[in-house]
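The next block holds one structure in the form of structure tokens; read it before the comments.
The values are calculated or read from the model by the stated rules, or taken from the named source; none is laboratory data. Being a predicted model, the structure only gives us computed values, none of them experimental. So basically every Cβ, Gly included, is an ideal-geometry build from the backbone, and we count neighbours across all protein chains shown. Quick note on the areas: whole protein, heavy atoms, side chains included, nothing else; ligands and nucleic acids left out. Shrake-Rupley method; radii C 1.70, N 1.55, O 1.52, S 1.80 Å.
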Amino acid sequence: TSDSSNKNGTVSFTGNTSISTAQSKFGGSSMYFDGSGDYLQVIDTYWSSALSSGDFTMECWARWDTNQSGTLMSNRGNSGNNTANGFVFYRTSSSTIVMYWYAGGWNYLNNTQGTRTTITENVWYHIAVTRSGSTWKLFLNGTAEDTVTSSGNMTNGVHGSLAIGIIPYSPTYHPMAGWIDDLRVTKGVARYTSNFTPPTTAHLT
């Protein structure tokens, strides 16, 4: 596992996080998290503010092996709902995918209102969030689950890293239990602005 961006951040493994050949979407291996203190961090203060403004795409394939909430990505560095910074992109305890962030107030993609797709264990899902101008979208397997309009910038995270598998301020809060494969974060480009066919091969860039 490496940071293949031109930022060359250091990837730090914590807990029993491992490269697993038990499951993968592409290439025969993926990142495995056992749901108890496992996570990765791309250590670089660049990620505190890289996604705060402008277009971007966050995406990955994910497969949960237990029925529990689990964080895909986050740069939020402080605890408490009143200490607002960064974003959290995760599976909730009700088994739906949500992203929330602070931009002068709490913003949510795919919150509990309305009908949302329920995540099933031991199934691979392609999950993506994009921002194009002031339009934010969350996609599950290429289908838009939710669209919101928010022109404000995300408040910067303060942890100095992009965390994969947990929310940085607390490794016990919404830990990932399962596999993540082919994770990609793109700054400056909203790769998906309408429904699409999920990738059929691993990303090269």
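At 7 Å along Cα-to-Cβ for each site, give me the label-to-label distance between ARG184 and THR14 in nm.
2.8
How much length is gained on full extension from HIS203 to GLN23, taking 0.36 nm per residue of separation minus their Cα-Cα distance?
Working: separation 180, 0.36 × 180 = 64.80 nm, distance 1.75 nm.
Full extension from HIS203 to GLN23 adds 63.0 nm.
Length gain on complete extension for the stretch THR117 to THR45, per 0.36 nm per residue less the alpha carbon to alpha carbon distance?
Length difference between fully extended and current span is 22.5 nm.
Quick check: pseudo-label points 7 Å beyond the Cα along Cα→Cβ at THR147 and TYR108, how many nm apart are they?
2.1
Whenever you get a sec, compute what percent of the accessible area on region 121-205 sits on carbon and sulfur atoms (1.4 Å probe). Working shown, then result.
Details: 1730 of 3570 Å².
Ligands and nucleic acids excluded, carbon and sulfur reach 49 percent.
Students sometimes get this wrong: rank LYS187, LYS25 by accessible area, probe 1.4 Å, all chains present, largest first.
Working: LYS187 105, LYS25 75 Å².
Most to least solvent-accessible, the answer reads LYS187, LYS25.
Normalized C-alpha radius of gyration of region 138-205, against 2.2 N^0.38 Å?
Working: Rg = 14.7 Å, N = 68, 2.2 N^0.38 = 10.9 Å.
Working it through for region 138-205, the quotient is 1.35.
Going highest first, how would you order 37-44, 26-33, 188-195, 120-127 by mean Cβ packing within 10 Å?
Values: 37-44: 20.8, 26-33: 19.1, 188-195: 14.0, 120-127: 15.5.
Taking the mean over residues of other Cβ atoms within 10 Å, the ranking is 37-44, 26-33, 120-127, 188-195.
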